[in-house]
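Only one structure is covered here, and it is reproduced in the block below.
The values are calculated or read from the model by the stated rules, or taken from the named source; none is laboratory data. This structure is a prediction, so every number in the text was calculated from the model and none was measured. Positions of Cβ are generated from backbone atoms using ideal geometry, with glycine treated the same way; all protein chains shown enter the neighbour counts. Quick note on the areas: whole protein, heavy atoms, side chains included, nothing else; ligands and nucleic acids left out. Shrake-Rupley method; radii C 1.70, N 1.55, O 1.52, S 1.80 Å.
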Amino acid sequence: RRDARPSASLCLPQAIVWDEYLTGPFGLIAQYSLLKEHEVEKMFTLKPGRLPQADVKNIIFFVRPKLELMDIITDNVLREDRGRSPQRDFHILFVPRRSLLCEQWLKEQGVLGSFIHREQYSLDLIPFDGDLLSMESESAFKECYLESDQTSLYHAAKGLMTLQALYGTIPQIFGKGECARHVANMMIRMKREFPGSQNSVFPVFDTLLLLDRNVDLLTPLATQLTYEGLIDEIYGIQNTYVKLPPEKFAPKKQGEGGKDLPTEPKKLQLNSAEELYAEIRDKNFNAVGSVLSKKAKIISAAFEERHHAKTVGEIKQFVSQLPHMQAARSSLANHTSIAELIKDITTSEDFFDNLTVEQEFMSGIDTDKANNYIEDCIAQKHPLIKILRLVCLQSVCNSGLKQKVLDHYKREILQTYGYEHILTLNNLEKAGLLKPQTSGRNNYPTIRKTLRLWMDDVNEQNPNDISYVYSGYAPLSVRLAQLLARPGWRSIEEVLKMLPGPHFEERQQLPTGLQKKRQHGENRVTLVFFLGGVTYAEIAALRFLSQMEDGGTEYVIATTKLINGTSWIKSLMEKLEPAPF
């Protein structure tokens, strides 16, 4: 509770009422055991009605500043039994900022006075891994590009200022896009307004690269083909956890047949703390099988060692290695099961057909006319999000669709899936994802050739280029980061002008004595901040660049939200319930 001042009353037993969306991100920084040490007796999810019974003095609401949540809190407070003894005290913590609008709303409902403390908890950037930070702001893209609401950009700038206070001023800022420009301006202004916020720390980062998601709308629409990317595409990774179908994980016991199969999904945490996952997460899925079978042989051989242990010393050594070996064996079993689940999908005809169309669009084949596969999918009523991803991909790879083709797709979608989706199509157009070709010319081929976005001879097993993460397509966003490091953006001025938004460079003065003297062979460190979301495939591509022998640059990644094509399109969809006639 960085910003909230504890009072005497808060040292008594307390219960936390959570806005459900916050439990995942908070779980990454404070486990329940830690909260228990601080007198938290109970935890509840925020929902309408009476609060559950709990023998506590304090009830603390942890919520995002959203009006619909204020209605639920109002309901909770009004239903509280005032006759009970002792009375419970209410407190509210807004994450990441207090909101006047929400407090005004609570006042109008007559409950604002019930809260003894009204504070904020500045949770801007949450660590997801050693090289990955996210704000987990699910509506940042929609707010920035559809509603012209720059709140999330302010939080991004605040998060970057906190990072600089801890790890030193970042001497160089590069950016591309309108939102990137706003964030850089806010950072410069905050630095001017709080001159004392700079502390004398040697800078860890050499460069900050701010990238707007709408500079590269193509990448999230394509199907990610890394191991981690496919897990996210198929099952969805939430705050480093994934829920998987349980049948593949049931322990096989002799003679029991298939009875008592677990029904609860198998929940696994995925991060680099797990040795095997760290090794395979960023590989192309086609290269994962051989790693798993190699690992299986190594682990079997290690367990066989026990037969050769003769002396007490050898037996003791074997026993000391046992916990690590058992953990490795269980990790291997889990990832073998996940790989089997994914393989069932990637070897299906539908997956192959979908991927073929995506790759044709990305390599510039037939992007200017209505696509037969898309029409067939609409006719068979495939999931709407799948259709929208493909149509948007075609539009982006053609710098917009001819009006006739666009109208044809829209008509087919609305007639098949319902007219309530007209608002969603409108949102996609506003965001630049599905739009008519205005200038009459398609810039994508020029961008593709200049930035080498399509590579025909991709090596999935031992990659030599970032295009392996999509089996041929190199993410535009990551290509920009790669070219910025070497030879610099001056070499691609013309293409940068074709992409939306300004590109710029700012330098921040370092306090005297803190200028970095680079040792020979020491890597530069660049923080890449994606405004509007980043995919796991892009993260894999940046990690690949970090590990390149002659790369010379290490990357740390920050973002407003971890996304994939499905979650991204979903965030732009309007939920309109058809009228109950």
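Restrict the check to the range 354-370 and report whether at least one residue is surrounded by fewer than 16 Cβ atoms within 10 Å (Cβ to Cβ), in contact with a strand residue (DSSP E or B) (Cβ under 8 Å, 6 or more places away or on another chain) and outside any helix (DSSP H, G or I).
yes
I'd like the full set of residues that are in contact with a helix residue (DSSP H, G or I) (Cβ under 7 Å, 6 or more places away or on another chain) and assigned to a loop (DSSP other than H, G, I, E, B), limited to the range 272-319.
S272, E274, R281, D282, K283, A309
Condition first: surrounded by fewer than 14 Cβ atoms within 10 Å (Cβ to Cβ) and of a type in the set (D, E). Now tell me which residues in the range 278-328 satisfy that.
E304, E305, E314
Please work out which one of (1) open to solvent by 30 Å² or more (accessible area, probe 1.4 Å); (2) touching a Gly at 6+ places or on another chain (Cβ under 8 Å) is the condition A184 fails and give its number.
For A184, the failing item is (1).
Quick one: in the range 43-97, of everything that is touching a residue at least 60 places away in the same chain (Cβ under 8 Å) and over 27 Å from the mean Cα position of the chain (by Cα), which residue is farthest from Y32 (Cα to Cα)?
D89
Inside the range 30-136, counting only strands (runs of 3 or more DSSP E) that do not spill past its ends, which hold 1 or more residues that are open to solvent by 70 Å² or more (accessible area, probe 1.4 Å)?
40-45, 115-120
Given (1) open to solvent by 20 Å² or more (accessible area, probe 1.4 Å); (2) within 30 Å of L384 (Cα to Cα); (3) part of a helix (DSSP H, G or I), where does E538 come up short, assuming only one miss?
The one condition E538 does not meet is (1).
How many residues are closer than 22 Å to E358 by Cα and surrounded by fewer than 16 Cβ atoms within 10 Å (Cβ to Cβ) when one looks only at the range 417-442?
3
One line per residue, one yes/no per condition, for (1) over 22 Å from the mean Cα position of the chain (by Cα); (2) more than 21 Å from G501 (Cα to Cα); (3) open to solvent by 40 Å² or more (accessible area, probe 1.4 Å); (4) of a type in the set (A, V, I, L, M, F, W, C):
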{"position": "A156", "(1), (2), (3), (4)": "no, no, no, yes"}
{"position": "C179", "(1), (2), (3), (4)": "no, no, no, yes"}
{"position": "V215", "(1), (2), (3), (4)": "no, no, no, yes"}
{"position": "P220", "(1), (2), (3), (4)": "no, no, no, no"}
{"position": "I237", "(1), (2), (3), (4)": "no, yes, no, yes"}
{"position": "F249", "(1), (2), (3), (4)": "yes, yes, no, yes"}
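What number of residues within the range 541-581 satisfy the criterion of being within 23 Å of I422 (Cα to Cα), open to solvent by 50 Å² or more (accessible area, probe 1.4 Å) and hydrophobic (A, V, I, L, M, F, W, C)?
So the answer is 3.
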